[in-house]
Amino acid sequence: MTSAPQQTTPPGTTGELAGRPKSSGYLVMIAGSFLGTFTIGASNVIIPSLGSDLHADGAGQSLVLSSYNVLFAAVLILSGRLGDRFGRRRLFITGLVLFAATSVFTSLGSSLVPVIIGRAVQGLAVGLLWPQVLATIQTSFTGPLRAKAMSLYAAAVGLGTGVGQILAGALETVNLFGLGWRPVMWVSALIALVLAALSYRVRPSHSEAPLAMDRTGSVLLGLALACFVISLTLFTSGGVLWVAVLLLVVALLCGFLFLRWESRMESSGKIPLAPPSLLKVPALRTGLLMTVLFFGGYGGFLYQFSLLTQRGMHYSGLASGLALTLFVLSFAIASILIRKINQLLGKWTMLIGSLFQALAILALAIEFLTEGLDVQQWLEQLTLIVLGVGQAMMFGPLIETVLAQIPNWAAGLGSGLFSTAQQLGLSLGVAVLGGAFVVLFQLPAVGFALAFTICLGIQLLTSAVFGVLAWRLQTSTNPNPNARVHT
């Protein structure tokens, strides 16, 4: 019994594989991925002043951060499938316009509740546009052009976080009109509107054989992810314990029902939201786990670094953002050069990248353990450069490895799966590593430097696991996913 066409080449798609797409069009879409991480980076910097302005405690500030991640992660797979059916450009523009509107709404919030609601819908908006970027790249490019597009996507993701932290820090330091964090939301809205205006350059595309909607699966997965992320946030930020436990139970129940529903739907001959047969592909399953591990460390580190520099080392928001400049630039440059790095290192690129990351994290841990907060700036910056290069070597090939397991007829599904793993990792990193850091540095016997060192030790372990998985992945890749028959 099959639930997808048996074919060695993907069905035709409107506007896809019909020649080289307009370069300005796909650059606009890649800029959309920049917007998603720009917002994350900016939020890391403004959260202390936002919390002070709205009189929010640690749990409230954590909810402001996690509310964005919740709906972002919850709609990614569904929005990938919607893009296949209704058109990727249409979903992309819809997400941009909705993001601009909710950014303005959030900036007007005078209390915590409307800000949390605005942030949640911001996440929903980015969740609509994000999968369209990777799906368009996957279906519009092949060979070297696809590799180049992927490298630019990786660079945009890295640059977005860093530029977000730097620009948000600058705006917060300037304190435009005495409004503190709010102008950061206006800048986000302006970027979204500019990209929406330029989206006419994007070539329309959709699948001519779109997968049917799985509404029940979408609701169950969305509830499972939302409840899980919020429960972890409450656990690690000192929120109401019984609410956190209840949400965790609901998340596990919805997760169980989701898996049962997906299996039943696929066994009846339909293609569910996340086909269990596809998730049984060893390389895909391993790649998605590596994605969660990578972005858990990435998101957790940037959040911790922002708190460490602002609250522990008393940097201004601008100085905190600028402290990451060399890290961001090294990540972006290495991402752009990843094809040449791959030619030099071959299948060992990700493994060597994880070793670079592990060495950088170990060096940072030793610096802060021995010097406390009085670390040598030149040594810290050198370590961050190595970290940026290592992470680029991990991230770029990881995208291609995961998407290589997805047939082109399921491009939206593939981009949704990868993006969901990516966002889940970011959410876990902020909730678990960030939450642990906050709890630890508040202990008198620990403080900022030791708390940061302990969390770096945890990230060192995740780097080791990533390296082991990268080594194992070389023996389980699928060279021709379009020939796979899902049963």
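Could you pull out the residue among Ala436, Ala449, Ala363 that is in contact with a Cys (Cβ under 7 Å, 6 or more places away or on another chain) and among the small types (Gly, Ala, Ser)?
Within the list Ala436, Ala449, Ala363, the selection yields Ala436.
With Ala42, Ala56, Ala74, Ala31 as the choices, which residue is touching a residue at least 40 places away in the same chain (Cβ under 8 Å), closer than 27 Å to Trp181 by Cβ and not in a helix (DSSP H, G or I)?
One residue alone meets the criteria, Ala56.
List the helices (runs of 4 or more DSSP H) inside region 213-306, counting only whole elements, that have at least 2 residues being over 17 Å from Leu426 (Cα atoms) and of a type in the set (D, E, K, R).
Details: elements: 215-237, 241-267, 276-279.
Here the list reads 241-267.
Please name all residue pairs, on different chains or six or more residues apart, with Cβ atoms under 8 Å, provided the first residue is in region 421-439 and is more than 16 Å from Tyr68 (Cα to Cα) and the second residue is of a type in the set (Ser, Thr, Tyr) and crowded, with 24+ Cβ neighbours inside 10 Å.
Correct list of pairs: Leu433/Tyr303; Gly435/Ser62; Gly435/Thr233; Phe437/Tyr303.
Out of curiosity, is Ser199 polar (S, T, N, Q) and out of contact with any Leu (no Cβ under 6 Å at 6 or more places or on another chain)?
Considered against the rule, which asks whether it is polar (S, T, N, Q) and out of contact with any Leu (no Cβ under 6 Å at 6 or more places or on another chain), Ser199 comes out as yes.
Would you check if there is a residue in region 166-175 being of a type outside the set (D, E, K, R), free of Cβ contacts under 8 Å to residues at least 60 places away in the same chain, on the phi > 0 side of the Ramachandran plot and outside any helix (DSSP H, G or I)?
For region 166-175, residues of a type outside the set (D, E, K, R), free of Cβ contacts under 8 Å to residues at least 60 places away in the same chain, on the phi > 0 side of the Ramachandran plot and outside any helix (DSSP H, G or I): present.
I'd like to verify a number: residues in region 53-66 that are of a type in the set (S, T, N, Q) and either crowded, with 24+ Cβ neighbours inside 10 Å or on the phi > 0 side of the Ramachandran plot (or both), how many?
Here the count works out to 2.
Inspect region 181-204 for any residue being exposed (fewer than 15 other Cβ atoms within 10 Å of the Cβ), charged (D, E, K, R) and part of a helix (DSSP H, G or I) and give the result as yes or no.
no
Which number in (1) within 19 Å of Val432 (Cβ to Cβ); (2) touching a Gly at 6+ places or on another chain (Cβ under 9 Å) marks the one condition that Pro272 misses?
Just one mismatch for Pro272, condition (1).
Scan Ala392, Ala445, Ala436, Ala365 and give me the residue that is surrounded by 22 or more Cβ atoms within 10 Å (Cβ to Cβ) and either assigned to a helix (DSSP H, G or I) or modelled with pLDDT of 85 or more (or both).
Values: Ala445 fails: surrounded by 22 or more Cβ atoms within 10 Å (Cβ to Cβ); Ala436 fails: surrounded by 22 or more Cβ atoms within 10 Å (Cβ to Cβ); Ala365 fails: surrounded by 22 or more Cβ atoms within 10 Å (Cβ to Cβ).
The conditions single out Ala392.
Every residue in region 101-118 that is surrounded by 23 or more Cβ atoms within 10 Å (Cβ to Cβ) and either aliphatic (A, V, I, L, M) or in contact (Cβ under 8 Å) with a residue 60 or more places away in the chain (or both), please.
Ser103, Thr106, Val115
State whether one or more residues within region 338-352 are in contact (Cβ under 8 Å) with a residue 60 or more places away in the chain and crowded, with 24+ Cβ neighbours inside 10 Å.
Checked against the condition, which is being in contact (Cβ under 8 Å) with a residue 60 or more places away in the chain and crowded, with 24+ Cβ neighbours inside 10 Å, region 338-352 yields at least one hit.
Go through region 158-188 and give me each residue that's farther than 22 Å from Val97 by Cβ and not aliphatic (A, V, I, L, M).
Passing the criteria: Gly158, Thr161, Gly162, Gln165, Gly169, Glu172, Thr173, Asn175, Phe177, Gly178, Gly180, Trp181.
Only residues in region 278-291 that are within 17 Å of Gly396 (Cα to Cα) count as the first member; pair them with residues that are surrounded by fewer than 20 Cβ atoms within 10 Å (Cβ to Cβ), Cβ under 6 angstrom, at least 6 apart or cross-chain, and list the lot.
Ala283/Ser476; Ala283/Thr477; Ala283/Asn478; Thr286/Leu469; Met290/Leu469
The values are calculated or read from the model by the stated rules, or taken from the named source; none is laboratory data. What you see is a predicted model, and the numbers here were worked out from it, not measured in a lab. Glycine also receives a Cβ, built like all others from the backbone with ideal geometry; neighbour counts cover every protein chain displayed.
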